[in-house]
Every structure is written in C-alpha cells, then in structure tokens.
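The values are calculated or read from the model by the stated rules, or taken from the named source; none is laboratory data. Nothing here was measured: the structure is a model prediction, and the numbers come from that model. Don't worry about glycine lacking a Cβ; one is built from the backbone with ideal geometry, like all the others, and counts go over all protein chains shown.
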Amino acid sequence: MKSINFLKKAWTGVIEFIAMHQIPIMIILIIIVTAFPFLTTNKYFLRISTLCLINIVLGLALNLVQGYMGQMSFATVAFFGIGAYAGALSVMRLGLPSLAAMVFGMVTAAGFGFLIALPTLKLKGYYLSIVTMGFCEIIRIVEMNWQELTRGSLGIMNIPSVTIFGNKLKSGRANYIIALIILVIVTILIKNLVNSNFGLSLKSIRDDDSAAETMGINIVHIKRVNFIISAAICGFVGAFYAQYVTFIHPSSFTSAVSQEYIVMIIFGGLGSIPGTFLGCIILTVLPELMRGLLQYRLLIYGALMVIMMNFMPGGLLGNLDLKLIRKKILDRRKKTERKGGGGE
C-alpha cells in the first residue's frame with residue numbers, strides 16, 4: 001500500500017510539472033516526434049512507431065464515443081476493418097489513387113456507421129455495446145466467408161503501397177510521416193470538435209442526458225453525428241493501414257482487438273486527448289517489450305489494469321484540467337510567499 005501511495009504522489013508531481021511547463025514540453029515533444037524518423041534507420045522501430053500513431057488515431061476515434069459521449073462501443077475495429085478492405089479493394093480493383101482510396105474507406109465506414117447509429121442510438125445504457133459487439137462479429141464473419149471479394153481466410157495480399165504524386169512510399173520513414181500527418185489532422189479536428197458547441201452538447205449528454213434534453217439538445221442527432229464521425233476516422237486510417245502493411249486478414253479486426261483499444265483509452269483516461277496518446281503509446285509498446293515473457297504477458301497486463309481501476313479509476317490523465325492545476329499551484333505559491341513576507 002505504501003508503494004502504491006508513493007507512486008500516486010510521484011505521478012501527481014509529474015502532472016504538476018507538466019501543468020507548469022506545458023509549452024516547453026509540447027515543443028520538445030513536437031521536435032522529437034518530427035525528427036524521430038530521421039534519427040533512426042531501424043525498420044522495426046519505425047514500424048512500431050507507425051503502428052503507435054495509427055493506434056492513437058483509433059483511440060481518439062473511440063474516445064469520441066466512449067469518453068465524450070459516455071457509451072461503450074466495440075465497433076472501432078469493425079469500422080477500421082471496413083476501411084481497410086474498402087481501401088485495399090478500391091486500389092486493386094478500381095484503380096483508385098491512394099488518397100482517393102482512403103476517402104473511399106472513410107465514406108464506406110461512415111455509411112455503415114450511419115446504418116448502426118440510425119436504430120441503436122435511440123437506446124440508452126449498454127445496448128450500443130451489445131449491438132456493436134454483434135456488428136463487429138458479423139463483419140468478421142463476412143470478411144472470412146465472402147471469398148470472391150475478401151479472399152476469406154487467405155486475406156488480401158500484395159496491396160499496393162501508398163502512392164503520392166506517382167511515387168510509392170515503401171520506406172518506413174515515409175509511411176511514418178504520412179501516419180503523423182493523419183494523426184495531427186485528426187487531433188486538431190477532435191480538439192476543435194470537443195471544444196465547440198457540439199462538443200459541449202456531447203459532454204452534457206454524457207453527464208446527464210435528461211438535463212441535456214431539457215435544455216433543448218437533440219440527443220439522438222448529436223449521438224448519431226458523433227458516432228458517424230468516429231466511424232469515418234476509423235475507415236480513413238484503416239485504408240491507410242491496408243496500404244501500409246500491404247496485407248490484411250479478418251483476424252486483425254475482431255471484437256477482441258476492439259477490447260484492446262477500449263483498455264488503451266481507459267488506461268490513459270476517458271475524455272482526455274493527452275490520455276489517449278499516453279495510453280495508446282504505453283499499451284502498444286509494452287507488449288513488444290514483454291515478448292520475452294509471453295506466457296506471463298496477459299497476467300501482467302491484467303494486474304496492471306486491476307491496479308489502475310482501484311487506485312486511478314480515471315486513468316493516467318483522465319479528468320485533468322491542466323489550466324486549473326496550474327492556477328492552483330500558482331495560488332499556493334502566492335500564499336506561501338505572503339506567509340513568508342508576513343513573517344519578516
């Protein structure tokens with residue numbers, strides 16, 4: 001118990017340090033992330049880093065539904081898979097360029113998102129999680145059995161790499177940069193979205209949907225639009241993923257994989273963009289570091305989550321207002337200075 005309390009105090013100190021030095025830390029992180037692909041030629045490091053960026057995008061999309069809307073969804077990976085298959089097939093069979101294929105994957109996933117949102121988001125509670133889990137399984141079965149379209153259990157191989165202005169981006173460095181650009185665009189989009197009137201309505205629905213309805217907020221419409229935006233983001237990055245890895249298989253898009261993304265955003269902190277970044281990075285890199293402890297990996301992973309849920313139920317960075325924390329620290333320092341001055 002003492003060690004847990006020590007860790008909590010240490011983490012509080014880290015949060016306070018971040019709150020007081022936000023701009024320098026942000027500048028340093030931007031420099032590191034931007035310069036990283038030029039500092040290493042290790043293909044493995046570049047691949048894991050690119051997958052980290054893709055996972056963060058998916059985590060942000062899921063957080064729109066679970067963190068800001070307050071409803072659990074298992075459809076993230078289903079939409080990711082729909083985007084991947086739609087993007088791959090549009091490149092291979094329709095001859096679409098890479099960017100057009102990503103847009104096609106986005107529109108296709110958004111269309112399925114609309115079909116799911118239309119009947120289910122009128123319901124409350126855990127109905128959405130039940131429906132989306134079933135939907136994820138249906139999509140997996142279709143991908144596994146529609147041999148003529150998806151090649152079933154063989155998967156789709158030899159997907160053309162991302163092509164920009166006629167140049168194929170086969171290097172890990174180039175794909176990392178494309179993934180980083182996608183992440184930056186999605187982060188800015190979601191940041192503006194959650195801070196807009198739409199985002200305020202979304203948070204009101206999450207906190208108290210009855211009160212939100214009383215204030216005149218169209219709950220069902222807001223939920224549907226939010227769900228479709230989340231699906232569209234998953235579809236877009238799914239189409240990029242297919243062209244990045246050049247091989248996709250139904251086993252990559254199961255409800256079990258969706259659970260991993262749910263764990264990532266809970267670990268980092270629901271309703272927190274920095275928390276999503278942190279949770280996705282840690283839980284993408286950690287399994288790679290623990291490959292030597294394969295038989296114990298799930299045990300350690302589960303123990304970590306139990307500790308988190310008991311001692312930090314909000315996640316590492318959940319429900320944190322860095323501006324408020326900074327203000328409290330400055331107020332505390334002023335009081336200390338006044339007391340010190342009064343003593344003299």
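Screening Val257, Val220 for residues that are touching a residue at least 12 places away in the same chain (Cβ under 8 Å), of a type in the set (A, V, I, L, M) and crowded, with 18+ Cβ neighbours inside 10 Å leaves exactly one candidate, Val257.
Yes/no matrix, rows are residues, columns are (1) touching a Phe, Trp or Tyr at 6+ places or on another chain (Cβ under 8 Å); (2) within 19 Å of Tyr244 (Cα to Cα); (3) crowded, with 22+ Cβ neighbours inside 10 Å; (4) aliphatic (A, V, I, L, M):
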{"site": "Met69", "(1), (2), (3), (4)": "yes, no, yes, yes"}
{"site": "Met92", "(1), (2), (3), (4)": "no, yes, no, yes"}
{"site": "Phe104", "(1), (2), (3), (4)": "no, yes, no, no"}
{"site": "Gly111", "(1), (2), (3), (4)": "no, no, no, no"}
{"site": "Phe114", "(1), (2), (3), (4)": "no, no, no, no"}
{"site": "Ile130", "(1), (2), (3), (4)": "no, no, no, yes"}
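For segment 318-344, what are the residues that are touching a helix residue (DSSP H, G or I) at 6+ places or on another chain (Cβ under 7 Å) and either assigned to a helix (DSSP H, G or I) or modelled with pLDDT of 75 or more (or both)? Answer for segment 318-344, where residues must be touching a helix residue (DSSP H, G or I) at 6+ places or on another chain (Cβ under 7 Å) and either assigned to a helix (DSSP H, G or I) or modelled with pLDDT of 75 or more (or both): Leu322, Ile325, Arg326, Ile329.
Restricting attention to segment 156-197, the residues that are closer than 20 Å to Ile222 by Cα and either surrounded by 17 or more Cβ atoms within 10 Å (Cβ to Cβ) or more than 23 Å from the chain's Cα centre (by Cα) (or both) add up to 3. The numbered conditions (1) more than 30 Å from Gly152 (Cβ to Cβ); (2) more than 20 Å from the chain's Cα centre (by Cα) are all true for Leu89 except (1).
Table: residues versus (1) surrounded by fewer than 23 Cβ atoms within 10 Å (Cβ to Cβ); (2) assigned to a helix (DSSP H, G or I); (3) β-branched (Val, Ile, Thr).
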| site | (1), (2), (3) |
| --- | --- |
| Ile25 | yes, yes, yes |
| Pro37 | yes, yes, no |
| Ile48 | yes, yes, yes |
| Val65 | no, yes, yes |
